Amino acid sequence: MKIAMVGNPNVGKTALLNVLTGGNFEVGNFPGTTVEKKEGKTKIDGKDVIFVDLPGIYSLEAYSLDEKVAKDFLTNERPDLILNVVNASNLERNLYLTLQLVDFKIPMILVLNMVDEAEKKGIKVDAEKLSKILGVPVVKTVAVKGIGIDELKREILKGGSVPKIEVGGDLRSKLETAEKIVKEVVKIEKKRVDLTEVFDEVFMDRHLGIPIFIAFMWMMFTFTYTVATPLTNLIASVFSILSERISSMNGILFSLIGKGIIKGVGSVLVFLPNIAFLFIALALLELSGYMSRAVYLMDGIMTTFGLTGRSVIPLIIGFGCNVPAVMATRTIEDDKVRIATILVNPFISCSARLPIYVLFAGIFFPTLGSAVIMGLYAFGVIVALISALIFRKVLLRGEAEYIIELPPYRIPNPRDVWILTWNRTKHFLQKAGTVILAMSIVIWFLTNFPNPSIDKSYAGMLGRLLQPLFAPMGWDWQFVLAILMGFVAKEVVVETLGILNTPIAKIMTMPQALAFMVFSLLYMPCLATLATIKAETGWKWTIFAVIYSFAVAYAVALTVGVVARLI
Amino acid sequence: MNLNSKIPLTMLKEGDEGIVIDIIGGRGAVSKLLALGIVPGKKVKVLGNRGGAILISINGSKFVIGRGLAMKVIVHAEQKN
Ligand SMILES: Nc1nc2c(ncn2[C@@H]2O[C@H](COP(=O)(O)OP(=O)(O)O)[C@@H](O)[C@H]2O)c(=O)[nH]1
Ligand SMILES: [Mg+2]
């Protein structure tokens, strides 16, 4: 038996799927969490059942990709049963979709979910009456607490029934019918104070809203970096001990494993705690319902630069890692805004670039270190916003339209936080892991052949060969090689300088160092990010991203070098 | 301002209420707004209008609408007492 879950975004379809199948699907408290359809298999009373979780949709007119996915599925695959999940506290709007589902003449069960929230708001729905009017079974549930699930399973085994209600074909007559039905089945008792209203009074306040948003962001980064630091140090020391032990043994194979693979992969795994903690923080923001508030708060500033409030979250995620950030743009419905948001994302300084700043700022700005680092972060944001404005004025012109529903505030369930965090972290590990593993071997080869002294290796030759390109900045070949290697992953810049035993303070001046930091910030999305940009936008924009960022980095680094020398 | 006039949603100030009378624009925009419950005859309250997107409450749901789209929602401003 094949069962399709259909409903508005954020009504609890995925949560329901999880309790029905015992699966680990991602729930969200942000519209548009389920972008593709997902399947879950289970047995009910020994009967095989396949649930298909369709993206949340408001109608079946097929104007957006999500609606098309859902409509095509219903038309072409004809499931045996539709579970139409509706939000009990917002029945009228949910019924528009229900009345459109009627046209498919597929057996249906109406799942009246979130009755707990409805009751808190003083909303009572007469399920029996609703069932009579529509001609389908109606089951009340609270998916997150497992309430009503046994009854739902019983109804599923009975197979639901084809809706009997008569309704006109056009949307307007469906809207009228929905209004009439709601008048008959919904009773609103005296309202208690709604906590969501209280929170919104504060979080969305004209004066406090943005400072609170900034405070949350600041907390998120403290959490990501400070709390993760002990774990980061632990991983770093484990890998360095392993690497030293193994590479100290004789033989080329041990050198490959120790100096190449373990060292290279370790240099990326070191960031795992930061990234996992960032994802925990983001999951909390998302599941609590705050994320969509941020969209509103930041919309004004973003529109100034040709983006919309929708671009804020991907830009913020970019501070952690640009790979998930680029993927997070999927929720932006306007294609031009989406591409602009993707293209500027690599200018947002990800966590992998921090070690570069720390290294150089520590040597050249012993007292002003953190100010310089903050400045670099801010500079990345400025370049990103100005670039976005240019793209939207020149290459990606056009008005952006969007509308999103604000979910109520909810206390995040630890299980849901874990599922979201793990799925995203896993993705990062897979993407970065495979690429890094391969490149570690390449770097190892380049630095050990034909002669194991780096000076005389292929890497040394390559650095010297390309050095003239960066002669205007005055960088030595070691730095050029570091930049080249850093294309794989930015943290490799520091690693390369380490392997080369570069006497940085001796062969570089302060203006050159400043130019180098700026160049490292801007010069090119790393390989993993490029792969993601390619997957999301295609080759044309990927090549554009490479050329644009390199040109910007070169021009800016040159300017910074010259200006810093004059001061 | 003439109270009987039809104005775009963007012209309502924070705290103002109005009745939706029409949605102009292409079929895509119209059907999307209708499906979300932004339907002629419904009362809409503007909770935030600070230059960027507009924050509204309608039918017990809250929405953030980008300014461009909000221009397409024509409302009848209600007199405030
Ligand atoms: N209070 C309450 N919250 C629920 C219920 N069902 C789901 N949720 C929460 O609503 C949010 C959206 O759920 P999700 O399953 O992702 O919705 P989907 O977009 O329809 O798949 C999550 O934060 C869930 O934890 C319910 O019956 N009661
Ligand atoms: Mg979902």
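The values are calculated or read from the model by the stated rules, or taken from the named source; none is laboratory data. The structure presented is a predicted model; accordingly, all values stated were derived computationally and were not measured. Counting neighbours? That spans all protein chains shown, and the Cβs are built from the backbone with ideal geometry, glycine included.
Here are some notes:
- Complete set of residues in segment B:43-53 that are facing chain A (nearest Cβ under 9 Å) and part of a strand (DSSP E or B): B:Leu47, B:Gly48
- Of all residues in segment A:473-491 being in contact (Cβ under 8 Å) with a residue 60 or more places away in the chain and among the hydrophobic types (A, V, I, L, M, F, W, C), the one that is farthest from A:Ile356 (Cα to Cα): A:Met473
- Counted as qualifying within segment A:394-491 are the helices (runs of 4 or more DSSP H) with 2 or more residues that are among the β-branched types (Val, Ile, Thr), namely A:414-448, A:477-486.
- Close pairs from segment A:173-188: first within 13 Å of chain B (Cβ to nearest Cβ), partner hydroxyl-bearing (Ser, Thr, Tyr), Cβ under 6 Å, at least 6 apart: A:Lys174/A:Tyr96; A:Ala178/A:Tyr96
- Residues of segment A:293-312 satisfying the condition of being charged (D, E, K, R) and more than 7 Å from every other protein chain (Cβ to nearest Cβ): A:Arg293, A:Arg310
- Test result for A:Leu278, crowded, with 18+ Cβ neighbours inside 10 Å and touching a residue at least 12 places away in the same chain (Cβ under 8 Å): yes
- Annotation note: of A:Leu285, A:Leu307, A:Leu278, the sole residue that is part of a helix (DSSP H, G or I), modelled with pLDDT of 85 or more and of a type outside the set (Asp, Glu) is A:Leu285.
- Cross-chain or 6+ apart pairs with Cβ under 7 Å, segment A:48-66 first and touching a residue at least 60 places away in the same chain (Cβ under 8 Å), then part of a loop (DSSP other than H, G, I, E, B) and away from ligand 2 (no atom under 12 Å from the Cβ): A:Val49/A:Met1; A:Ser64/A:Glu333
- For segment A:18-46, residues that are over 22 Å from the mean Cα position of the chain (by Cα) and modelled with pLDDT under 90 total 9.
- Screening segment A:5-115 for helices (runs of 4 or more DSSP H) wholly inside it with 1 or more residues that are under 14 Å from B:Ala35 (Cβ atoms) and either more than 16 Å from ligand 2 (Cβ to nearest atom) or outside the structural domain of A:Val136 (by TED's automatic domain parsing) (or both) returns the ranges A:65-77, A:91-101.
- Among all residues of segment A:515-534, there is at least one that is of a type outside the set (A, V, I, L, M), without any contact (Cβ under 8 Å) to a residue 12 or more places away in the chain and either in a helix (DSSP H, G or I) or out of contact with any strand residue (DSSP E or B) (no Cβ under 9 Å at 6 or more places or on another chain) (or both).
- Filter pass, A:Lys164 being among the charged types (D, E, K, R), closer than 22 Å to A:Gly12 by Cβ and more than 14 Å from chain B (Cβ to nearest Cβ): no
- Residue check, A:Val337 buried (at least 23 other Cβ atoms within 10 Å of the Cβ) and either over 25 Å from A:Gly209 (Cα atoms) or in contact (Cβ under 8 Å) with a residue 40 or more places away in the chain (or both): yes
- Taken together, the residues in segment B:24-42 that are touching a Ser or Thr at 6+ places or on another chain (Cβ under 9 Å) and either in a helix (DSSP H, G or I) or not small (Gly, Ala, Ser) (or both) amount to 6.
- Counted residues, segment A:427-469 - those being farther than 17 Å from A:Ile262 by Cβ and either touching a His at 6+ places or on another chain (Cβ under 8 Å) or among the polar types (S, T, N, Q) (or both): 5
- The one condition from (1) surrounded by fewer than 22 Cβ atoms within 10 Å (Cβ to Cβ); (2) touching a residue at least 12 places away in the same chain (Cβ under 8 Å) that A:Ala88 does not meet is (1).
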